Amino acid sequence: MTRSVKATADDYPQLEAFFCGYLHQDYPEEHGSVAGAVAAFRRDARAPERRTVKKEWKAFRAATADETLKAVGEKLTRGLGSAWIPRKRADLDALDLLIAGL
């Protein structure tokens with residue numbers, strides 16, 4: 001039996017804060033791109049917050065590795081408050097690299 005993967009603020013609180021604070025509905029206007037939003041977070045966040053986002057993102061990605069892209073997108077938006085929705089797997093891979101650079 002496969003356990004359904006949850007993605008809520010309770011599961012990933014710092015990741016939820018990151019998505020709500022930086023990849024919200026106005027991120028294209030405020031930051032220009034996903035990379036710009038991650039760069040803004042890097043400038044604003046303290047080292048412990050950056051480390052926690054990296055750790056939680058890695059856990060989220062591992063937990064959703066077998067999920068469809070649509071399911072991952074729903075977890076990001078409904079569970080973690082993101083307005084950013086990956087359109088292809090490469091979008092997630094690009095975010096992996098950006099977050100790894102925090």
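The values are calculated or read from the model by the stated rules, or taken from the named source; none is laboratory data. Since the model is a prediction, treat every value here as computed from it, not as a measurement. Here the Cβ positions follow ideal geometry from the backbone for every residue, glycine too, while neighbour counts run over all protein chains shown. Accessible surface is based on the protein model in full, side chains and every heavy atom, while ligands, DNA and RNA are left aside. Shrake-Rupley method; radii C 1.70, N 1.55, O 1.52, S 1.80 Å.
Check whether at least one residue in the stretch 29-46 is surrounded by fewer than 18 Cβ atoms within 10 Å (Cβ to Cβ), out of contact with any helix residue (DSSP H, G or I) (no Cβ under 9 Å at 6 or more places or on another chain) and modelled with pLDDT under 95, and report yes or no.
No, the conditions are met nowhere in the stretch 29-46.
Answer yes or no: is there a residue in the stretch 62-70 that is open to solvent by less than 30 Å² (accessible area, probe 1.4 Å) and of a type in the set (D, E, K, R). It would help to see each step written out before you state the result.
First pass over the stretch 62-70, keeping only residues open to solvent by less than 30 Å² (accessible area, probe 1.4 Å): 64.
If we keep only those that are of a type in the set (D, E, K, R) as well, we get none.
No, every residue in the stretch 62-70 fails to be open to solvent by less than 30 Å² (accessible area, probe 1.4 Å) and of a type in the set (D, E, K, R).
Taking the stretch 9-20 as the search range and keeping residues that are open to solvent by 50 Å² or more (accessible area, probe 1.4 Å) and outside any helix (DSSP H, G or I), which one is modelled with the highest pLDDT?
Taking the candidates together, the pick is ASP11.
List the helices (runs of 4 or more DSSP H) inside the stretch 21-68, counting only whole elements, that have at least 2 residues being out of contact with any strand residue (DSSP E or B) (no Cβ under 7 Å at 6 or more places or on another chain) and over 21 Å from ALA83 (Cβ atoms).
On the way: elements: 27-31, 34-44, 47-63.
Counting at least 2 such residues, we get 47-63.
Between a first residue in the stretch 55-75 that is on the phi < 0 side of the Ramachandran plot and a second residue that is assigned to a helix (DSSP H, G or I) and small (Gly, Ala, Ser), which pairs have beta carbons less than 8 Å apart while being 6 or more apart in sequence or on different chains?
THR64/ALA71
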